[in-house]
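The values are calculated or read from the model by the stated rules, or taken from the named source; none is laboratory data. Since this is a predicted model, take the numbers as computed values, not measurements. With ideal geometry, Cβ positions are generated from the backbone for all residues, glycine too; neighbour counts draw on all protein chains shown. Keep in mind that these areas ignore ligands, DNA and RNA; they rest on the heavy atoms of the full protein, side chains included. Shrake-Rupley method; radii C 1.70, N 1.55, O 1.52, S 1.80 Å.
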Amino acid sequence: MKIQPAERVRQIPPYLFAEIDRKKRELRERGMDLIDLGIGDPDIPTPRRIIARLMEAARDAENHRYPAYEGMLDFRQAVADWYKKRFQVSLDPRTEVLTLIGSKEGIAHIPLAFVDPGDYVLVPSPGYPVYRVSTIFAGGIPHFMDLKKENQFLPDLSAIPPQVAEKAKLMFINYPNNPTAAVAERPFFEEVVAFAKRHGIIVCHDAAYSEIAFDGYRPMSLMEVDGAKDVGIEFHSLSKTFNMTGWRIGFAVGNPEIVGGLGRIKTNIDSGAFQAIQLAGIEALNGYGTETEEIIGIYTARRNLLVKGLHAAGLEVESPKATFYLWVTVPNKYTSAEFAALLMEQLGIVGTPGIGFGDAGEGYIRFALTVGEDRLREAEDRLKELKI
Ligand SMILES: Cc1ncc(COP(=O)(O)O)c(C=O)c1O
């Protein structure tokens, strides 16, 4: 029998990192000591207080059964309390908050709730690849909004053709941004809300990096803007804030109909997040601030080290205000894939070519600050030998 994948799977763009993965394997086999700055997965462990709460909760048989689909009310209340404290935004935990099995899960499912075949979805390029794939899975058509340096890596809403805006159902935005490390301020969010109202578009703001910010900078929530709750949903993650990527816990907040629509899809697909993890999540959120300074201190030192090393090597990069990524300009004569290969072969430094995040990512390479200072010092040393 010939096993034929579904059309929606065949539509997924080819895996652009396959060549990088092959090269990594080959160089490792040759004994090369690779410094892998390719993956945005924190190396810092989850705080002990959160682990202790999980261990206690995991022993309790009450938590071994199916959880509530929409999440424990106590977890959703902890989210509402955190939002009030962090953004001065009030949320009804019963209707405006939904527990997610990681924010990726919510982002991947939301088009199924609102996008019909043939609808447009406005997707940033470069961007987190899930926006594009989840659009395709729902039968939608991604319309890419290019994030350009001259626009501070914010989408130019006036460049969206009117016929696309009219047929668009959803818009994804993400600030602080992966991969460009750009941030957005109130006027941009206000413009997005006005645009969405004008065209009847649901705004999905991915705020996964809202707590990874430097030098006293505090990213804002879309929900702080007047009218955002009429059109928007915001995705958050405990992954980066509390170093919990492997735990799979996040949440969505916002307009009750949008949150409820996503909840309906989830009810029919998954059975909620493990209660013991939600209880550990409550501990994480209620104790917010306990480790933030330490975590930000670690990333700040790493950011400063690598930015210095890249500048010394003659490469162009801005020191970011937020996220744990550096978005580095590729020297003119190379494509991002060629430059990534060169860095690996010459120096054993692994970065992610910008083209992997969409066509408008060409010309850049992304480095993640998810390795220790000793390895970044080594990277700084190796960068002195760069020949371009
Ligand atoms: C922009 C962005 N959004 C969402 C996620 C997903 O995070 P999680 O599913 O761990 O909450 C990531 C993970 O790398 C990301 O970079």
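Numbers for the structure displayed
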{"read-out": "Any hit, segment 190-197, residues being within 15 Å of the ligand (Cβ to nearest atom) and either touching a strand residue (DSSP E or B) at 6+ places or on another chain (Cβ under 7 Å) or part of a loop (DSSP other than H, G, I, E, B) (or both)", "value": "no"}
{"read-out": "Count of residues meeting criterion [free of Cβ contacts under 8 Å to residues at least 60 places away in the same chain and either surrounded by 18 or more Cβ atoms within 10 Å (Cβ to Cβ) or within 21 Å of G260 (Cα to Cα) (or both)] in segment 142-152", "value": "3"}
{"read-out": "Helices (runs of 4 or more DSSP H) (entirely within segment 218-331) containing at least 2 residues that are more than 15 Å from the ligand (Cβ to nearest atom) and touching a Ser or Thr at 6+ places or on another chain (Cβ under 8 Å)", "value": "256-269, 292-312"}
{"read-out": "Boolean, S210 is crowded, with 22+ Cβ neighbours inside 10 Å, among the polar types (S, T, N, Q) and either assigned to a helix (DSSP H, G or I) or modelled with pLDDT of 95 or more (or both)", "value": "yes"}
{"read-out": "Hits in segment 58-80 - residues which are surrounded by fewer than 16 Cβ atoms within 10 Å (Cβ to Cβ) and of a type in the set (D, E, K, R)", "value": "R59, D60, E62, R65, D74"}
{"read-out": "Positions within segment 66-98 being without any contact (Cβ under 8 Å) to a residue 12 or more places away in the chain, among the small types (G, A, S) and farther than 18 Å from E257 by Cβ, in sequence order", "value": "none"}
{"read-out": "Test: residue in segment 53-65 that is of a type outside the set (K, R), over 30 Å from I258 (Cα atoms) and either at pLDDT below 95 or not in a helix (DSSP H, G or I) (or both)", "value": "yes"}
{"read-out": "Residues within segment 297-312 that are touching a residue at least 12 places away in the same chain (Cβ under 8 Å), out of contact with any Leu (no Cβ under 7 Å at 6 or more places or on another chain) and more than 14 Å from T323 (Cα to Cα), tallied", "value": "1"}
{"read-out": "Total residues in segment 198-207, condition open to solvent by less than 10 Å² (accessible area, probe 1.4 Å) and either more than 16 Å from the ligand (Cβ to nearest atom) or assigned to a loop (DSSP other than H, G, I, E, B) (or both)", "value": "2"}
{"read-out": "Any hit, segment 183-190, residues being without any contact (Cβ under 8 Å) to a residue 40 or more places away in the chain, buried (at least 20 other Cβ atoms within 10 Å of the Cβ), among the small types (G, A, S) and more than 22 Å from P117 (Cβ to Cβ)", "value": "yes"}
{"read-out": "Pairs with Cβ under 6 Å, 6+ apart, first in segment 236-258 and under 19 Å from A52 (Cβ atoms), second more than 10 Å from the ligand (Cβ to nearest atom) and in a helix (DSSP H, G or I)", "value": "L238/G281; L238/A284; F242/A284; W247/I277; I249/I277; I249/G281"}
{"read-out": "Subset of segment 122-141 (residues that are farther than 24 Å from Y325 by Cβ and either open to solvent by 40 Å² or more (accessible area, probe 1.4 Å) or touching a Ser or Thr at 6+ places or on another chain (Cβ under 8 Å) (or both))", "value": "F137, I141"}
{"read-out": "Candidate set: segment 335-350, residues that are touching a residue at least 12 places away in the same chain (Cβ under 8 Å) and either part of a loop (DSSP other than H, G, I, E, B) or open to solvent by 60 Å² or more (accessible area, probe 1.4 Å) (or both); chosen: the one farthest from R377 (Cα to Cα)", "value": "T335"}
{"read-out": "Output for segment 230-257, where each listed residue is over 17 Å from P42 (Cβ atoms) and open to solvent by less than 10 Å² (accessible area, probe 1.4 Å)", "value": "G232, I233, E234, F235, F251, A252, V253, G254"}
{"read-out": "Any hit, segment 10-21, residues being aliphatic (A, V, I, L, M), touching a Gly at 6+ places or on another chain (Cβ under 8 Å) and not in a helix (DSSP H, G or I)", "value": "yes"}
{"read-out": "Boolean, D116 is in contact with a strand residue (DSSP E or B) (Cβ under 8 Å, 6 or more places away or on another chain), open to solvent by 30 Å² or more (accessible area, probe 1.4 Å) and either more than 16 Å from the ligand (Cβ to nearest atom) or modelled with pLDDT of 95 or more (or both)", "value": "yes"}
{"read-out": "Pair list, Cβ under 6 Å, 6 or more apart: segment 21-47 residue away from the ligand (no atom under 16 Å from the Cβ), other residue modelled with pLDDT of 95 or more and assigned to a helix (DSSP H, G or I)", "value": "K23/M344; I35/R375; I35/A379"}
{"read-out": "Selected residue [crowded, with 18+ Cβ neighbours inside 10 Å and more than 21 Å from A301 (Cβ to Cβ)] from F367, F357", "value": "F357"}
